Every structure is written in structure tokens, then in C-alpha cells.
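Computed from the coordinates by the stated procedures, all read-outs in this text should not be read as laboratory data. For clarity, every value in this text was computed on a predicted model and none was experimentally measured. Cβ: placed from backbone, ideal geometry, glycine included. Neighbour counts: every protein chain shown.
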Amino acid sequence: MPHLELRPLEYSEAVTAVVARRGFDGMTLADVAAEAGVSRQTMARCYPSKSALARAAFGHARDRATAGIATAVDGHFGIEALRLFVLELLPLDDKRLAFARVLVPAWQMSLHDEEIAAQGNALTASWRLQMRTWLREAMADGEVRADVSVDGVTEMVLNFISGAQAGALADASFNSAHQLRGQLDSLLHLLRG
């Protein structure tokens, strides 16, 4: 856990920036320390292992995404809230592409790191709850067909987001911002009556 006398938020931002540029595999404590403008020893007191650095990057990216989602969907309901939620998570700009560069490798790390797995599971559980609420609102308003499986669509949307994040990193020629918006519009169109 980061020491309180240190600047954990700024250090987490440095970790996230390095991961976004070099990936988890290419990240070193020295790179993160240089990004934060502190000595390697200072950084090591805050994050004594590469796993601690990875947890910081994932936690920071998660917190930024959560704040962005809250702002994006504020005052919106139903299908519009769902659309804005997904748009906030799609890698449509440099900020969200950096989030994808942190999140995608975190999936693999979660297979062997219970803390990262728990953080990821808690995050997606909260997203599922939000999406189910918005889908039910959309159904009640007639924006979504009544025969649509709320649970099935929720998982489909989560898989779309995950696939879009990985696709934007691995095959950007088919996953540009314009293309991802079009894919989302097509997915939401399938839900309408």
C-alpha cells in the first residue's frame, strides 16, 4: 500500500502513463520514477514490486473511467445512458486508448493476481448493475423490445466493450473512433423494436 507521505495519486498517474506507452511488460520502476520526477528509491517505497505498480495503474485507470462514466451519464436514462456509458469506455481518443492499454493486460494479470481480479470483478459488477437498470428503463419506455434478455444484452455489451478495446490496440484499421461509434449504433439498433 502506498505510504501517505508520498504522492500516490501522482505516482499512479505516472505508472499509468508509462504502461500506456510501453505496456506492463516494458514498464520498469526506473521509468515510472523518471515519469513521476522522483528517485527510484522513493518510488520503490511506494510500490515495492511490479505487481504493486500494476495494481496502481489498474486502480488509477478504473477510478478515472468511473469518474468519466458518472459525468457522461449524469441526468440520462435508458438507452441514452447506456450509449453514453459505452462511448465513455470505447477507445475513441488518446485518453481512452491509454485506459485500454492498461485494462487489456490487466485481464491477463487477473488470472494470477487475486487483488487485480477482485478489483476487476467489482468494477464489472457495478457496470452490470448500471446497464441492467438502463435496459429496464429503456424497455419500460418502449426504446428496447420487450423480448430482449436484459442479462444477455448486458454481457453482450460488456463483451463488445472488451473486444473494442482489444481491437483498437491490435487492429486499429477496423476499429477507428468512427468505426467503433458505428458498431455501437448498430448494436443498439438491434435492441429496438
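At most 15 other C-beta atoms within 10 Å and a DSSP loop state: those are the exposed trypsin sites (Lys or Arg not before Pro) I care about. Give me the longest piece of the chain that has none.
The longest such stretch corresponds to 1-144.
Per Stokes-Einstein, at 25 °C and 0.890 mPa s, what whole-number D in µm² s⁻¹ belongs to the stretch 50-119, with the Kirkwood radius over Cα pairs as the hydrodynamic radius?
190
Need the C-alpha centroid separation for the stretch 64-92 versus the stretch 156-178, integer Å.
Here the two parts' Cα centres lie 17 Å apart.
How big is D, in µm² s⁻¹, for the chain by Stokes-Einstein at 25 °C and 0.890 mPa s if Rh is the Kirkwood radius over C-alpha pairs?
So the translational diffusion coefficient is about 139 µm²/s.
Just how large is the dipole of the chain about the Cα centre, in debye to the nearest 20, putting +1 at every Lys and Arg Cβ and -1 at every Asp and Glu Cβ?
Taking the Cα centre of the chain as origin, the dipole is about 300 debye.
Relative to the longest principal Cα axis of the chain, at what angle does helix 114-140 sit, 0 to 90 degrees, rounded to 10?
20
Taking only Cα atoms and a 10 Å spring cutoff, compute GNM fluctuations for the chain and point out the largest among Val102, Val18, Val148.
Residue with maximal mean-square fluctuation among Val102, Val18, Val148: Val148.
Round to the nearest 10 and give me the degree value, 0 to 90, for the angle of helix 78-89's Cα axis relative to the longest principal axis of the chain.
On a 0 to 90 degree scale, this one is about 30.
Tell me which of Ala166, Ala17, Leu90 sits at the most positive position along the dipole axis of the chain, charges placed on C-beta atoms (Lys, Arg +1; Asp, Glu -1).
Ala17
Of all chymotrypsin sites (Phe, Trp or Tyr not before Pro) in the stretch 1-104, which ones are in loop regions per DSSP and have a Cβ with at most 12 other Cβ atoms within 10 Å?
none
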